[in-house]
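The block underneath contains the structure these notes are about, expressed in structure tokens.
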There are 2 protein chains.
Amino acid sequence: MYLRYLEELDGRGQHTASSDELATLFGTTPAQVRKDLSSFGSFGKRGLGYPVHELSAQLRAILGLGREWRVVIIGAGKIGAALANYHGFTDRGFRVVGVYDNNPAKIGQKWGEELVRDMVDLERDVKRDDALIAVLAIPADDAQAVVDRIIKAGIRAILNFAPAQLQVPSHISVKTVNMAMELEGLSFALTNMGADKGAA
Amino acid sequence: MYLRYLEELDGRGQHTASSDELATLFGTTPAQVRKDLSSFGSFGKRGLGYPVHELSAQLRAILGLGREWRVVIIGAGKIGAALANYHGFTDRGFRVVGVYDNNPAKIGQKWGEELVRDMVDLERDVKRDDALIAVLAIPADDAQAVVDRIIKAGIRAILNFAPAQLQVPSHISVKTVNMAMELEGLSFALTNMGADKGAA
DNA sequence: ATAAGTTTGTGAAGAATTTCACAAGCCTTG
DNA sequence: CAAGGCTTGTGAAATTCTTCACAAACTTAT
């Protein structure tokens with residue numbers, strides 16, 4: 001989150017930003033900003049603030065965005081397409097090296113610059129292309145079986161759009177995004193407005 | 001999250017579930033489960049556990065899922081399409097009452113069961129259809145201007161896919177989903193593996 | 001009906017996170 | 001170069017969240 005805003009400021013040519021400015025920018029407190037950043041190092045200059053451009057670079061390094069990550073997308077549906085077309089994705093060094101589906105009607109079709117491949121080749125390709133990240137955009141019922149396969153093939157992180165909790169060994173990172181759940185959160189907020197002390 | 005698993009158990013015909021069972025099911029502790037649920041009421045039976053079907057119903061009520069929420073989708077791209085096609089969306093009572101874009105090439109096109117409408121009609125339609133929730137899937141630069149417009153028209157909650165922090169009055173709920181950020185989190189986890197005590 | 005075996009709900013303890021507050025440090029001005 | 005004005009970095013206090021532990025309560029078996 002810090003990185004996103006810092007890059008925006010950097011793009012506008014702003015050279016420094018104080019913790020106060022950053023805090024109001026994304027809805028937190030100056031103390032929080034300073035504590036967060038201090039846990040990775042001492043980036044600011046007293047009396048002046050944080051150097052926007054330099055701090056951006058530092059954060060990119062911390063996040064491991066200096067290198068290229070090879071990504072496979074599993075499930076040639078709308079979600080995968082949205083991701084692959086998304087600039088903020090390729091701009092960060094995430095390169096799609098394969099798109100997979102098990103629907104014969106989709107296999108072989110053009111899909112952006114790639115062709116949709118058959119899921120049976122998944123393991124082979126993951127190993128050959130050295131992909132470490134997988135985007136999972138398939139039905140919930142199929143998710144766990146596919147996860148087991150790709151982990152064996154060498155995948156180490158999964159961005160999961162299937163509405164299912166995945167069982168993985170502890171050395172595998174999983175981030176699950178569930179759009180229905182996000183909307184349910186909004187429904188809750190709308191339903192309980194006023195009862196609470198104002199949900200933001 | 002609780003609701004998702006309880007409905008799954010319910011579908012399998014399971015009548016009760018203990019906090020212990022629920023905890024292992026979605027990776028937390030029994031104490032956490034009991035504390036969480038107890039903050040909304042006293043649903044369990046001692047010696048037996050929680051009644052799966054009844055608790056599901058209670059949670060749906062708490063989340064405000066008993067009613068129909070009318071939703072407008074702004075931006076007739078892949079993300080909006082993915083959402084509208086998604087069952088977990090309509091099944092929860094979220095009904096799409098309009099899809100909007102400002103691209104003349106898209107306006108009037110068929111889009112699921114709806115036609116893509118012109119953004120200039122957004123305010124009028126939101127008021128007329130009494131939509132309270134908006135899904136924002138448009139470029140970051142346009143996001144704030146659109147948000148200002150739809151809030152004036154009566155929108156009270158926003159699911160935001162634009163990579164931008166939205167400024168809204170405190171009575172408006174916003175949930176921002178940023179796919180690039182999720183991937184950056186995975187990149188960080190991969191980069192810092194072993195240094196930490198094993199990121200889950 | 002009683003006893004044995006579970007499991008909840010919840011105060012209290014413990015851990016983690018956030019906020020406070022201020023010394024130390026940097027820049028600018030005169 | 002010294003003084004005044006900001007802003008960071010960080011211990012300590014305050015708050016919030018999680019875990020512990022156990023009495024109360026329910027079910028089942030005999």
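Observations on the structure shown:
- Take every pair of alpha-carbon atoms less than 8 Å apart whose residues are at least six positions apart; their mean separation over the length of region A:95-200 yields a relative contact order of 18 percent.
- Surface/4 of the Cα convex hull for region B:43-103, nm²: 5.1 nm²
- Subset of A:K110/B:K78; B:K78/B:K110; A:K152/B:K78; B:K78/B:K106 violating a 21 Å alpha-carbon distance limit: A:K152/B:K78
- For region B:47-63 versus region B:139-162, the spacing of their alpha-carbon centroids is 35 Å.
- As a proxy for reagent exposure, ranking A:K127, B:K78, B:K110 by other Cβ atoms within 10 Å from fewest up yields B:K110, A:K127, B:K78.
- What the Cα atoms of region A:52-200 give is an Rg and a Dmax of 17.8, 56 Å.
- Panel order for B:V174, A:V126, by other beta carbons found within 10 Å of each beta carbon, from fewest to most: B:V174, A:V126.
- Kirkwood Rh and Cα Rg combined as Rg over Rh, evaluated for region B:1-121: 1.16
- Residue-wise HN-Hα coupling along region A:124-139, computed from phi with Karplus coefficients 6.51, -1.76, 1.60 (Hz; x: Gly, Pro): 4, 5, 4, 5, 4, 8, 6, 6, 10, 10, 10, 9, 9, 10, 9, x
- Once the Cα atoms are used to define both axes, helix A:179-191 deviates from the longest principal axis of chain A by about 50 degrees.
- Residue by residue, region B:149-158 carries 3J(HN,Hα) couplings of 5, 6, 5, 4, 7, x, 5, 10, 8, 9 Hz when phi is fed to the Karplus relation 6.51 cos²θ - 1.76 cosθ + 1.60 (θ = phi - 60°); x denotes Gly or Pro.
- Listing B:T16, B:T24 from fewest to most neighbouring C-beta atoms within 10 Å gives B:T24, B:T16.
- Normalised alpha carbon radius of gyration of the protein assembly as shown [divisor 2.2 N^0.38 Å]: 1.04
- Helix B:2-11 and the long axis of chain B differ in direction by around 70°, with both axes built from C-alpha atoms.
- Stokes-Einstein D in µm²/s, Kirkwood radius over Cα pairs - region A:58-136 at 10 °C with 1.306 mPa s viscosity: 122 µm²/s
- Whole-Å distance, taken between Cα centres, linking region B:115-134 and region A:165-187: 31 Å
- For region B:113-200, alpha-carbon Rg relative to the globular expectation (2.2 N^0.38 Å, N residues): 1.45
- Residue-by-residue Karplus 3J(HN,Hα) for region A:165-174, coefficients 6.51, -1.76, 1.60, Hz, glycine and proline x: 7, 9, 8, 9, x, 5, 8, 9, 8, 10
Coordinate-derived values only; no laboratory data. Keep in mind the model is a prediction, meaning the values are calculated, not measured. Here the Cβ is made from the backbone with ideal geometry for all residues, glycine too, and neighbour counts use every protein chain on show.
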